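Nothing in this text is a laboratory measurement; each read-out follows from the coordinates by a stated rule. On a predicted model such as this, the values are computed, not experimentally measured, just so you know. Backbone-built Cβ (ideal geometry, glycine too); neighbour counts: all protein chains shown.
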Amino acid sequence: MTSVGVAGAKGRTWEAALSGLWSVPAQPQSCCYRHVWSVTPRATSEGRCRVTPRVLVTYGTTDGGTRHIAEVVAGQLRHDGLTVDVAPALEINDVESYDAVVLGGAVFDSHWHDDARRFARRHAVALQHRPVWLFSAVGSGEPQPAGPVRGALQTMVRLHARAHETFSTDVPSMRAWADTIAHSLPATAPH
């Protein structure tokens with residue numbers, strides 16, 4: 001296999017940056033390197049380059065229940081081989097380095113958490129250019145709404161979100177939902 005230098009950040013080539021950990025096949029259509037330093041490159045048996053999507057799981061929470069759901073979802077995404085960051089919505093300043101975003105918000109008195117709504121408004125332009133999934137968290141004693149509450153529904157429409165799910169304490173359903181997210185993301189770059 002012949003290595004080809006693909007220009008990376010600050011003029012460095014992939015070979016220099018990765019110290020020969022792998023090589024890119026010399027083909028007219030090599031892999032797409034949209035996020036130069038945030039991908040996990042792997043060679044497949046066909047010699048094609050595989051790029052692992054980087055996913056942000058972020059949330060707005062008051063008492064920690066939504067954080068727990070975010071961590072379960074992130075854990076399943078990692079189990080499925082994705083690169084995942086988890087953080088409260090208030091701590092995220094930029095989403096450009098992510099290939100997909102999962103945004104969750106606690107539901108209190110039929111309102112989606114303000115931090116989740118603000119995050120969606122603050123990053124709306126960037127989020128419209130990547131896949132987004134939403135979830136809502138309701139307390140174990142709270143009635144589960146029939147669909148997304150108003151703030152989550154408005155965010156779904158604004159961001160063209162792929163799906164929304166409401167969770168309480170059912171960990172297997174959280175993992176199953178995260179599994180569908182992981183399987184809907186392309187493992188191989190489009191170029």
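Within a 10 angstrom radius of the beta carbon, how do HIS164, HIS79 rank from fewest other beta carbons to most? Don't skip to the answer; put the middle values down first.
Details: HIS164 19, HIS79 13.
So the residues, fewest neighbours to most, are HIS79, HIS164.
Could you go through segment 96-111 in sequence order and give the Karplus-derived ³J(HN,Hα) for each residue, using 6.51 cos²θ - 1.76 cosθ + 1.60 with θ = phi - 60°, rounded to whole Hz, and x for Gly and Pro?
Result, ordered by residue: 4, 7, 9, 8, 8, 9, 10, 10, x, x, 5, 10, 10, 6, 6, 10 Hz.
Working out 0.36 nm times the residue gap between SER173 and ARG118, then minus their Cα-Cα distance, what length gain in nm do you get to one decimal? Spell out each step's value before the answer.
Working: separation 55, 0.36 × 55 = 19.80 nm, distance 2.67 nm.
Contour length minus the Cα-Cα distance gives 17.1 nm.
Rounded to whole Hz and in sequence order, give me ³J(HN,Hα) for segment 71-82 from the Karplus expression 6.51 cos²θ - 1.76 cosθ + 1.60, θ = phi - 60°, writing x for Gly and Pro.
5, 5, 4, 4, x, 5, 4, 5, 4, 7, x, 8
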